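Enquirer: Before we start, here is the structure in question, set down as C-alpha cells.
The values are calculated or read from the model by the stated rules, or taken from the named source; none is laboratory data. Everything numeric here is computed off the predicted structure, so don't read it as measured data. For neighbour counting, all protein chains shown are included, and Cβ atoms are generated from backbone atoms with ideal geometry for every residue, glycine included.
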Amino acid sequence: MAIFLLRRVGMMILTALCLTFIVFFLTNLYPNLEKLAKSEGNQRMTDAQVASWLDRNGHSQPLLVKYGQWLGVAPGFVHTAENGTVTGRCISTGTAPEDAPRFCGVLQGEWGMSTVAGEPVLDLTLRRLGLTAWLMLWVMVVMVPMALILGVLSGMREGSGMDRSLSTFSIASTATPEYVSGVIFIAFLASSKYGLSPLLADLGLIDGKTLFKGSAASAMNDITFENFTLPVITIALYGMGYIARMTRASMTEVMTAQYIRTARLKGQSFRAIVLKHALRNALIAPFTVIMLQFPWLLNGVVIVETLFNYKGFGWTVVLAASNNDINLLLGLSVVAVVVVLVTQLISDVGYVFLNPRIRVS
Amino acid sequence: MDPLTWTGTLGPFLNPIFLVACAALLVTALAQAVLSAFVTTGGSGNVLSVARTPADYAGVATKGAFYLFLATALAYLIGGIVVQGTPNKGIIGAISTQLLPVWIALAVTFALSITFKKKLGLWGKLMGSTIGAIGAGMVLFWIFTGLFAEIIATHQPLEIASGMKNKLPGTPLRGAEEGEFQWYLLGGDALTRDVFSRVVHGSTWVMVIAPLATMFAFMVGISLGVPAGFFGGVLDTILSFVANLILAFPVILLFYLLVTPEIVDTGLPIYMAAVLFLFPILFLTVLFNSKFHTQPAVNYTILAVVIGGGGWLYLSLLSTPGTIWNFLPRGVDLFNLQGNFLIVFVSVVFVNSPTVFRIVRGLVLDIKTRDYVAAAHTRGEGVWYTMLWEILPNARGPLIVDFCLRIGYTTILLGTLGFFGLGLESESPDWGSTINTGRKLIAVYIHPLVPPALALMSLVLGLNLLADGLREESLKD
C-alpha cells in the first residue's frame, strides 16, 4: 500500500510539474510578454523598448530558467542597472538587495502580484477558492444524495416503468449543459417578466419581485436560499445525471448477482435485500465517479460563476485569462491541477479501500 | 398587419385539450412513480398471475395521457400545415409548414428503415427500441434541418430589418417586400435579426463541426490508442501519460490559453492543426497498405487516392493567404476557413482525442488476448493488419456508442466556447454564440435565448438517447 501510494504521489507531482510547465510556456510566449510589457510600461513602446523592458524584468531569460525561478528552485532573477541600482524578482521595494532571499517562487509561497487585481496572487486565489468551496459544498450536498437515490431507485428493478422514467430524466439532465439550464432557470424562475415569478408575485406568495435571484453576487457575503439556489441547482443537475447513471449501472449489476438471488430465495423482503445486501456493494463504483466529477465540476463552476456573477474561482479564471494576467493564471492553474490530481488520488485510494476484491501488493 | 398568435385558428379547439393532456400526464406520471416506489408487487405464494396494483393502473393512465398529449402535439403540427394562410396557421403552424421538407425526409427515412429493418443491421434493430428510435428521430431532425436550412429559414441569418429589435415572436416584419416572408416567427434579437432563421442556420454549423471534430478526434485517438494497447511497453506509458496530462487540465483554461489572440499570433494552433490533421491520412494509408500490400496494383491506386487526395485537402486546409502558411497557389487552394474556425476546430479535437485514446486502448488490451488475434498471428499476418483489420472491427460496438455520445459532448463544448465568446466570430449563428449574445438581456427578453438553448438541448438529448438505444441493441446479441 505504501509503495502504491508513493508511486501515485510521485506520478502526481510529475504530472503537476508538466502541467504547470505547459501553462508557463503558453503564458510566456512572446506575444503575451509583449502585451504585458505594454500594459505595465506604456502602450506606445517601440519594439526595442519592449525588448529592454523584458530584459530588465528578467523575461528574456531561457524558459527553463524562468520556470525554475517561478517554481522557486532556481535563484531569483537579479538585474543591475547602469546606475548601480539592483532590482530583482525577489527584491521587493524597500528591502536592500542583500537582505532579499535568494529563492522566491511558488514553493516559498511567493506567487507574485496579480496585474489585474493589484494584490498578491496567493491571497486572491485562496479567497476566491473559499467562495467556490461554498458553492461546491452545496452542490455536493444537493447532487450526491439525489443522484444516488435516483440511481438506486431506477437500478433496483431494471426495466420497470420507474426505471425507464428515471433513466430518461437522468439522460436529459446530462444532455443539458450548465449554460443552457442556467439560462432557462433564470428565464423562468428569476425573471420578473416571464415564468413563475410574476404568477407567484400576483398571488402574493413571495415577498420580492422574483422567486430566485438571477445573480449570486450577494451570496459572496451572505448565502441565502434566494441567491444561491439557482447556481447550485444548475451545476448539480448537470453532474447528477451522470452519477445517477453510473449508480444505476452498478445497482443493476449487483441485483443480478448470485448472493442477491440467495437472499431472495431465503425469503427476505425486497426492501431488506436492497437496503442490507445490495446498497453497500452498489455504491463502490459511484464513489469513484463522484470523486472524478471534480474536474468536471470545476468546468461547470467557471460557466455558472460567470453566468451568475459569483466572483469565485471560476470567475477569476475568466478574469485572469481574458486580461492576460500571467501570475494569476499560473496560480489558478496550480490550484486547479492540484485539486484534480488530489481527487484522482483519493478516488484511487478510496476504491482500493472500499473494494475488498482489490488488493495492492 | 396583426402579430401572429401561437396557435392560430387551431388554438380554440386544441389548446383546452392540450392543457388537459399536460395536466393529466403530470398527475398520472407522479402517481405512478410514487405508487411503484412504495407498493411492492404482491407476487407472494405460488400463483403465476399477479393482481394489478394501483401502480399498474396509474401506469395505464399515464400511457393514455401520454398518447393524448402526443396526439394534440401532432395535431398542432399537421393542422398547422393543412390550414391555409399564415395568420390562421399561427406561429407553431407556420414553423411546422416551414419545416415541411424535414417532416417529409423524416417520414421517408423512417418508412424505409422500418420496411427494410431486417437488412439494415444495427440501424434496423434500433428501430425496434423506442428510446433508440426517438433518439434517432431527434438527431435526424437536426441533420435534415441543417441540410435544408436554406429552404426552411425565412430570412438570412445576418439580415437586419429596421424596427425589429427585440420584437416578440410573431411580429410582422415592418416594410416587408413582395415575396419576402412577412413575419419574424420567433421574434427578433438585439441586432434585429430573425431568431428562427438564425437557429435554423445555426444547425448547419453545429451539424458540420461537431461530427467532423469528433471524427478527427476518433482518428487521432484510434491511430495512437491501437498501437499503445497492442504494443504496450514504453510507447504505451508515454502516450498514456500525455493523455492523462491533457485530461487533468481544466478544459476551459486550456481553451482560453489556446484561443486567445496572442497565442493565435504565435501560430501554435496551426502547428497543432498540422500535426492533428496528419493522423487521418496516416491512419488510412496504414489501414489500406496493411490489407492490400500483397496486390501492388490495387494498393498503389488506393494509396495514390488517399495520399494524393488527402494530402491536397490537408495542404489546402492549412494554407491560408496572408499568413506564413501560404504555400499553395490560389487556384490549387481548395478552401480557406473563415476567422478562427480552424482554431476552434483544433482545440475541440485536441481536447477530445485523449478520452478516445483511453477507450480504444482499453478495448485493444481486452481484445488482443482473443483467439482470433492469435489465429491471425499464426497465419503470419503483419502486426498492422492484426491491429487494424482484426482487432479494430471487433471494437466497433463500444466505439459507435461512444461516437454518438461524443458528438453530443462536442456540441456542448462548442457551445461552451461560444458562451465565453471564444468560439466562431460573434455574429455566427451557431447556438453557443447566440446564447452568449442573448444572455445579456436575459431579464427583459428571453425569446432570442430560449430557441437556441432548446435546440442544443434536444440535439444532445437525441444523441444520448441514440447512444443508449445502440448500446442496448448491441448488447442483445
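Enquirer: Test B:Ala190 against the stated conditions and say whether it is of a type in the set (Gly, Ala, Ser) and more than 18 Å from B:Ile435 (Cα to Cα).
Expert: It is false that B:Ala190 is of a type in the set (Gly, Ala, Ser) and more than 18 Å from B:Ile435 (Cα to Cα).
Enquirer: Mind checking which residues of region A:1-40 are among the aliphatic types (A, V, I, L, M) and surrounded by 15 or more Cβ atoms within 10 Å (Cβ to Cβ)?
Expert: Passing the criteria: A:Met11, A:Met12, A:Ala16, A:Leu19, A:Ile22, A:Val23, A:Leu26, A:Leu29, A:Leu33, A:Leu36, A:Ala37.
Enquirer: Take A:Ala272 and decide whether it is more than 30 Å from A:Phe228 (Cα to Cα), of a type in the set (A, V, I, L, M) and either touching a residue at least 24 places away in the same chain (Cβ under 8 Å) or not assigned by TED's automatic domain parsing to the domain that holds A:Tyr179 (or both).
Expert: no
Enquirer: Need a quick list: helices (runs of 4 or more DSSP H) entirely within region B:49-133 having at least 1 residues that are within 14 Å of another protein chain (Cβ to nearest Cβ).
Expert: Values: elements: B:54-82, B:86-98, B:100-115, B:122-126.
Where helices (runs of 4 or more DSSP H) fall fully within region B:49-133 and carry at least 1 residues being within 14 Å of another protein chain (Cβ to nearest Cβ), they are B:54-82.
Enquirer: While we're on this one: So which of B:Val226, B:Val234 is without any contact (Cβ under 8 Å) to a residue 12 or more places away in the chain and more than 14 Å from chain A (Cβ to nearest Cβ)?
Expert: Exactly one of B:Val226, B:Val234 is without any contact (Cβ under 8 Å) to a residue 12 or more places away in the chain and more than 14 Å from chain A (Cβ to nearest Cβ), namely B:Val234.
Enquirer: Name the residues in region A:74-112 that are surrounded by 13 or more Cβ atoms within 10 Å (Cβ to Cβ), of a type outside the set (Gly, Ala, Ser) and more than 19 Å from A:Arg56 (Cβ to Cβ), would you?
Expert: Across region A:74-112, the qualifying residues are A:Pro101, A:Phe103, A:Val106, A:Gln108, A:Glu110, A:Trp111.
Enquirer: Still on this structure, please answer the following. Condition test on B:Ser113, is it free of Cβ contacts under 8 Å to residues at least 60 places away in the same chain and either surrounded by 15 or more Cβ atoms within 10 Å (Cβ to Cβ) or not assigned by TED's automatic domain parsing to the domain that holds B:Leu456 (or both)?
Expert: On the way: free of Cβ contacts under 8 Å to residues at least 60 places away in the same chain: yes; either surrounded by 15 or more Cβ atoms within 10 Å (Cβ to Cβ) or not assigned by TED's automatic domain parsing to the domain that holds B:Leu456 (or both): yes.
Yes; evaluated as a whole, the condition is true for this residue.
Enquirer: Here is a follow-up. Residues in region A:39-54: is at least one in a strand (DSSP E or B) and either within 14 Å of chain B (Cβ to nearest Cβ) or on the phi < 0 side of the Ramachandran plot (or both)?
Expert: Checked against the condition, which is being in a strand (DSSP E or B) and either within 14 Å of chain B (Cβ to nearest Cβ) or on the phi < 0 side of the Ramachandran plot (or both), region A:39-54 yields no hits at all.
Enquirer: Something else about it: Helices (runs of 4 or more DSSP H) wholly in region A:113-201 with at least 3 residues that are surrounded by fewer than 17 Cβ atoms within 10 Å (Cβ to Cβ) and more than 10 Å from chain B (Cβ to nearest Cβ) - which ones?
Expert: Of the helices (runs of 4 or more DSSP H) lying wholly inside region A:113-201, those with at least 3 residues that are surrounded by fewer than 17 Cβ atoms within 10 Å (Cβ to Cβ) and more than 10 Å from chain B (Cβ to nearest Cβ) span A:121-156.
Enquirer: So which residues in region A:285-296 are within 12 Å of another protein chain (Cβ to nearest Cβ) and of a type outside the set (A, V, I, L, M, F, W, C)?
Expert: Once the filter is applied, which keeps residues that are within 12 Å of another protein chain (Cβ to nearest Cβ) and of a type outside the set (A, V, I, L, M, F, W, C), region A:285-296 yields only A:Pro295.
Enquirer: Test B:Ile104 against the criterion of being assigned by TED's automatic domain parsing to the domain that holds B:Pro16 and without any contact (Cβ under 8 Å) to a residue 24 or more places away in the chain, and give yes or no.
Expert: On the way: assigned by TED's automatic domain parsing to the domain that holds B:Pro16: no; without any contact (Cβ under 8 Å) to a residue 24 or more places away in the chain: yes.
Answer is no for this residue.
Enquirer: A further question follows. Which of (1) more than 30 Å from A:Phe21 (Cβ to Cβ); (2) in a helix (DSSP H, G or I); (3) more than 10 Å from chain B (Cβ to nearest Cβ) does A:Tyr310 not meet, given it meets every other one?
Expert: Looking at each condition in turn, A:Tyr310 falls short on (2).
Enquirer: Would a scan of region A:225-248 turn up a residue that is assigned to a helix (DSSP H, G or I), touching a residue at least 24 places away in the same chain (Cβ under 8 Å) and out of contact with any helix residue (DSSP H, G or I) (no Cβ under 6 Å at 6 or more places or on another chain)?
Expert: Yes - at least one qualifying residue is present in region A:225-248.
Enquirer: In addition: Can you confirm whether region B:397-411 contains a residue that is of a type in the set (Phe, Trp, Tyr) and within 13 Å of A:Tyr179 (Cβ to Cβ)?
Expert: No, region B:397-411 contains no residue that is of a type in the set (Phe, Trp, Tyr) and within 13 Å of A:Tyr179 (Cβ to Cβ).
Enquirer: Can you tell me which residue is surrounded by the fewest Cβ atoms within 10 Å (Cβ to Cβ) among those in region B:431-477 that are of a type outside the set (Lys, Arg), within 7 Å of chain A (Cβ to nearest Cβ) and without any contact (Cβ under 8 Å) to a residue 40 or more places away in the chain?
Expert: Only one residue fits best here, namely B:Ala443.
Enquirer: Would you please name the residue that is surrounded by the most Cβ atoms within 10 Å (Cβ to Cβ), looking only at residues in region A:248-284 that are within 14 Å of chain B (Cβ to nearest Cβ) and among the small types (Gly, Ala, Ser)?
Expert: Among them, the one singled out is A:Ala249.
Enquirer: Same structure, new question: Please go through region B:407-424 and pick out each residue that is in contact with a Phe, Trp or Tyr (Cβ under 8 Å, 6 or more places away or on another chain) and more than 11 Å from chain A (Cβ to nearest Cβ).
Expert: B:Leu424 - this is the single residue of region B:407-424 that is in contact with a Phe, Trp or Tyr (Cβ under 8 Å, 6 or more places away or on another chain) and more than 11 Å from chain A (Cβ to nearest Cβ).
Enquirer: Okay, moving on. When the residues of region B:361-374 are filtered to those that are in contact with a Ser or Thr (Cβ under 9 Å, 6 or more places away or on another chain) and part of a helix (DSSP H, G or I), which remaining residue is surrounded by the most Cβ atoms within 10 Å (Cβ to Cβ)?
Expert: Going through region B:361-374, the residues in contact with a Ser or Thr (Cβ under 9 Å, 6 or more places away or on another chain) turn out to be B:361, B:368, B:373.
Now restrict to residues that are part of a helix (DSSP H, G or I): B:361, B:373.
On the way: B:Arg361: 24, B:Val373: 19.
Top of the filtered list is B:Arg361.
Enquirer: Could you look through region B:261-273, keep only residues that are buried (at least 17 other Cβ atoms within 10 Å of the Cβ) and more than 7 Å from chain A (Cβ to nearest Cβ), and pick out the one that is nearest to the chain's Cα centre (by Cα)? Explain how you work it out, then say what you get.
Expert: The initial filter retains those residues of region B:261-273 that are buried (at least 17 other Cβ atoms within 10 Å of the Cβ), namely B:262-263, B:268-270, B:272-273.
Okay, now just the ones that are also more than 7 Å from chain A (Cβ to nearest Cβ), so B:268-270, B:272-273.
Details: B:Leu268: 28, B:Pro269: 24, B:Ile270: 25, B:Met272: 24, B:Ala273: 22 Å.
If we take residues in region B:261-273 being buried (at least 17 other Cβ atoms within 10 Å of the Cβ) and more than 7 Å from chain A (Cβ to nearest Cβ), then B:Ala273 is nearest to the chain's Cα centre (by Cα).
Enquirer: What residue, of B:Gly415, B:Gly421, is free of Cβ contacts under 8 Å to residues at least 40 places away in the same chain and either in the same structural domain as B:Ile209 (by TED's automatic domain parsing) or farther than 30 Å from B:Asp366 by Cβ (or both)?
Expert: B:Gly421 is the lone residue from the list that is free of Cβ contacts under 8 Å to residues at least 40 places away in the same chain and either in the same structural domain as B:Ile209 (by TED's automatic domain parsing) or farther than 30 Å from B:Asp366 by Cβ (or both).
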